[in-house]
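Novice: Let me begin by handing over the structure; questions about it come next.
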Amino acid sequence: MSRILLKAIALGAVAGMIAGLFGVGGGVIVVPGLVLWLALAQREASGTSTATIVASSAAAMATFGVSGSVDWRAAGLILVGSVVGAWIGAWIAERVNERVLAVAFALILAIAGIRMVL
Amino acid sequence: MLEVVGLVVLGLVAGIVAAALGLGGGIVFVPVLVVIFGFDQHIAQGTSLAVIFPTAIIATLAHARMGNVRWRLAIPIGLAGIVGAVVGANVALQLNEDLLRRLFGFFLIMLAVRMVWHAWRINGRSEPTPDPS
């Protein structure tokens, strides 16, 4: 097996595990992995990562779904909002300093994280 | 009714953050569902995944149309991802609610530190870095 294929499999396995364990997409692992480890440009890394998340999120969702751990009604409502939100976000991204946005968001994440740990 | 509006607003905010910062929605959905809506950690995670899946399909179609998907990498990563995801999800379902919530909290704190570090590093540069491609 080629070295690249082995790297891809290792990256997918780790990202999938994080996705299943925490109920996230796993892009937080796949994107930096593709950029730093497999030398993809940022834009290609985002696109490729998104395609891999289709597979891993389907598998993780099915596992949670079988055990009755999905609130489908809530998921539908969130989805409606997020489609509109993605459109607004793309508009904002071109007008607001990303650094300010990133630091402000990180602060909120940290507060939520601390609340969940305590 | 209030909950219905709240969930749609959560989606709206997560969608904005995701599109503006290039992040997935999961790190927004799970903590908000747990801390504000009082969801069980497991249900919050399962529900988050049920939103991520259709969102990822739509985003992939858009990226693929622009030629941003390297399928020869995406396919092996995705297949290994399926195995990893089933293992990870089964581990999560075995853990008790308290422990899983705390682990998720640590995960969020680590992400927050990484985001600040990354933003600070970009800030320190005198000129924007060219695209590495």
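Rule-based calculations on the coordinates, nothing more; no lab input. Everything numeric here is computed off the predicted structure, so don't read it as measured data.
Novice: May I ask you to derive the relative contact order of chain B, considering only C-alpha pairs under 8 Å and at least 6 residues apart, and to give it as an integer percent? Numbers along the way, then the final one.
Specialist: On the way: 41 pairs, mean separation 23.7, N = 133.
Worked out over chain B, it gives 18 percent.
Novice: Going out from 0 in 10 Å bins, what whole percent of all Cα-Cα distances in the range A:1-93 drops into each bin?
Specialist: Final binned percentages: 15, 38, 32, 14, 1.
Novice: Please label the shape of the protein assembly as shown as rounded, prolate or oblate, based on the square roots a ≥ b ≥ c of the eigenvalues of the alpha-carbon gyration tensor (a/c under 1.5 means rounded; beyond that, a/b larger than b/c means prolate, else oblate). Write out the running numbers ahead of the final one.
Specialist: Values: a/c = 1.44, a/b = 1.13, b/c = 1.27.
Taking the square roots of the gyration eigenvalues as a ≥ b ≥ c, the protein assembly as shown is rounded.
Novice: Determine the calculated [θ] at 222 nm for chain B from helices alone, applying -39500 (n - 2.57) to every DSSP H run no shorter than 4 residues and normalising by the residue count; nearest 500 deg cm²/dmol.
Specialist: On the way: 5 runs with 107 residues, N = 133.
Helix contribution divided over all residues of chain B: -28000 deg cm²/dmol.
Novice: What does the helix-only formula give at 222 nm for chain A: each DSSP H stretch with n ≥ 4 adding -39500 (n - 2.57), the total divided by the residues, and the result rounded to the nearest 500 deg cm²/dmol?
Specialist: Details: 5 runs with 97 residues, N = 118.
Per the formula, -28000 deg cm²/dmol.
Novice: Could you tell me the distance between the Cα centroids of the range A:1-75 and the range A:95-118, to the nearest Å?
Specialist: 22 Å
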